[in-house]
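Right, one structure below, let's go through it.
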Amino acid sequence: SGVIVAVEIFSHSDTGGLVNRIVIGNLEVYLGLTDISEVDTEDTFSGATTTANAVHAVVHAALESASSVFAKVYFDDATKVGELETLNRDYLSFTIPYYDDSNTVVGRYYQGQADGYNGENSVTVGVVIDASLEIVQVMIIEHNDTARIVNNNVIPNLELYQGISSVDAFDLDAFSGATMTAEAVLQVVTSALAEHSERNGE
């Protein structure tokens with residue numbers, strides 16, 4: 001999902017003092033947002049709303065474009081990325097839905113943490129699951145475990161999760177030598193599948 005990391009004005013022909021003080025000085029209000037509908041330009045940029053509205057329109061267009069681009073990363077029929085939703089479930093932090101043209105959820109991205117070799121929440125995992133409850137992709141976002149072992153014994157074998165809808169009989173033998181990291185990944189994947197199953201048909 002598109003998250004705003006910076007908004008800048010590169011050039012303008014409006015009143016310099018007002019733009020610098022009222023608009024540029026308050027552009028940080030956009031940082032970290034995935035949806036700008038709650039940004040009140042009349043209030044935040046009072047005194048320079050014409051310039052602010054122009055900025056707002058460009059930011060909105062950029063978010064819409066980013067959403068359509070990111071939507072295609074995992075699902076060919078997705079046209080829009082939804083809003084991040086915080087989750088209250090073991091091993092999961094948040095989920096992001098992907099929608100098609102009819103506003104139907106075609107899949108979801110889940111992210112969570114579990115304990116690996118180097119302690120509490122040392123492994124952060126991303127899981128993508130489609131509407132048929134099949135895993136599209138599993139990835140390690142970051143970790144504090146031994147890099148060489150994770151790179152050689154875990155990451156190359158994550159493709160074993162692709163196309164399955166249950167991990168009840170998932171075999172960790174392929175991850176020999178990195179069992180604790182592999183178990184952390186499995187905990188997040190298991191929780192994501194359970195959450196996704198409960199949401200199926202939304």
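The values are calculated or read from the model by the stated rules, or taken from the named source; none is laboratory data. Computed from a predicted model, the values in this text were never measured in an experiment. All Cβ positions, even for glycine, are placed from backbone atoms using ideal geometry, and neighbour counts span all protein chains on display. Remember, those area values only see protein heavy atoms, side chains included, never the ligands or the DNA or RNA. Shrake-Rupley method; radii C 1.70, N 1.55, O 1.52, S 1.80 Å.
Can you pull out the residues in segment 63-86 that are outside any loop (DSSP other than H, G, I, E, B), among the aliphatic types (A, V, I, L, M) and within 13 Å of the chain's Cα centre (by Cα)? Ala66, Ala71, Val81 - these are the residues of segment 63-86 that are outside any loop (DSSP other than H, G, I, E, B), among the aliphatic types (A, V, I, L, M) and within 13 Å of the chain's Cα centre (by Cα). Summed over segment 25-62, residues that are under 28 Å from the mean Cα position of the chain (by Cα) and among the polar types (S, T, N, Q) total 6. Of all the listed residues (Val58, Val29, Val69, Val73), the sole one being of a type in the set (Val, Ile, Thr), open to solvent by 20 Å² or more (accessible area, probe 1.4 Å), without any contact (Cβ under 8 Å) to a residue 12 or more places away in the chain and closer than 16 Å to Val7 by Cα is Val58.
The condition of being surrounded by 13 or more Cβ atoms within 10 Å (Cβ to Cβ), in contact with a Gly (Cβ under 6 Å, 6 or more places away or on another chain) and part of a helix (DSSP H, G or I) holds for Met180. When segment 141-167 is filtered for residues that are touching a Ser or Thr at 6+ places or on another chain (Cβ under 9 Å) and either among the charged types (D, E, K, R) or under 24 Å from Val105 (Cα atoms) (or both), the ones remaining, listed by number, are Ile141, Glu142, Asp145, Ser165, Val167.
May I ask you to say which residue of Tyr99, Tyr117 is surrounded by fewer than 22 Cβ atoms within 10 Å (Cβ to Cβ) and free of Cβ contacts under 8 Å to residues at least 60 places away in the same chain? That would be Tyr99, the only listed residue that is surrounded by fewer than 22 Cβ atoms within 10 Å (Cβ to Cβ) and free of Cβ contacts under 8 Å to residues at least 60 places away in the same chain. Among the residues here, Ser122 does not qualify as over 22 Å from Asp77 (Cα atoms), hydroxyl-bearing (Ser, Thr, Tyr) and surrounded by fewer than 17 Cβ atoms within 10 Å (Cβ to Cβ).
The set of residues in segment 145-164 being closer than 17 Å to Phe175 by Cα, open to solvent by 40 Å² or more (accessible area, probe 1.4 Å) and outside any helix (DSSP H, G or I) consists of Thr146, Gln162.
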